[in-house]
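Asker: There's a structure below that I have some questions on.
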Amino acid sequence: MSRRNPLVCALAVAAAALMLLTAGAQAQEKAAAHKFVGSDACKMCHQSPAKGNQYESWLKSAHAKAFATLASEKSLAIAKEKKLAKAPQEEAACLKCHVTGAGKAADAFMPTFKKEQGVGCESCHGAGSDYKAMAVMKDKAKAIEAGMMVPDEKTCTGCHNQESPTFKAFVYKEMLAKVAHPNPAKKG
């Protein structure tokens, strides 16, 4: 039976842990470098019938109107009831789910970004500055490497949860069908 030196084993474990931590930190740094460009940057390629009019689907959605919703009488009443210090369109507690990238540093946004677009493409798909180029988007692996996210249930429940003052039951599969915007060119 072979005996392993406990010190060698401990050093190997420590080295592996350090490698994982370093890789995680590098991934975070890389993600932080991606900038939000705004949904209009997606429009050029994602508005054609061949692509399923994805931009138009988003534009008609409640997500596109999420920031404007904060100016409604209902939102103002909720803010008053919650004794919020600011108006809903200025309150971080509201903006975190009603504006793409809310809470990020100013340098995380390109000049093309508009908070008025509410919950835009990049809320679900990640800051697009590095994956928006057609040459990158044509290769899903490259796009993901460049910051594109593939949304899942956790992406949605970050906002659609009981912390929201207007929360209603959230059934992921049903809600996903409501916001679906498939690209027919990629079927099959």
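Asker: Which residues, counting only those in region 57-105, are surrounded by 12 or more Cβ atoms within 10 Å (Cβ to Cβ), assigned to a helix (DSSP H, G or I) and among the charged types (D, E, K, R)?
Answerer: Across region 57-105, the qualifying residues are LYS74, LYS96.
Asker: Looking at (1) without any contact (Cβ under 8 Å) to a residue 12 or more places away in the chain; (2) under 16 Å from VAL119 (Cβ atoms); (3) loosely packed, with under 11 Cβ neighbours inside 10 Å, can you tell me which one THR166 breaks?
Answerer: All conditions pass for THR166, except number (1).
Asker: Can ALA127 be described as surrounded by fewer than 18 Cβ atoms within 10 Å (Cβ to Cβ) and either among the small types (Gly, Ala, Ser) or at pLDDT below 95 (or both)?
Answerer: no
Asker: Take CYS159 and decide whether it is under 25 Å from SER57 (Cα atoms) and not in a loop (DSSP other than H, G, I, E, B).
Answerer: no
Asker: Within region 130-158, track down each residue that is in contact (Cβ under 8 Å) with a residue 40 or more places away in the chain and in contact with a Phe, Trp or Tyr (Cβ under 7 Å, 6 or more places away or on another chain).
Answerer: The answer is MET137, ALA146, GLY147.
The values are calculated or read from the model by the stated rules, or taken from the named source; none is laboratory data. Since we're looking at a predicted model, the values are computed, not measured. Cβ sites come from the backbone with ideal geometry, for glycine too, and all protein chains shown count toward neighbours.
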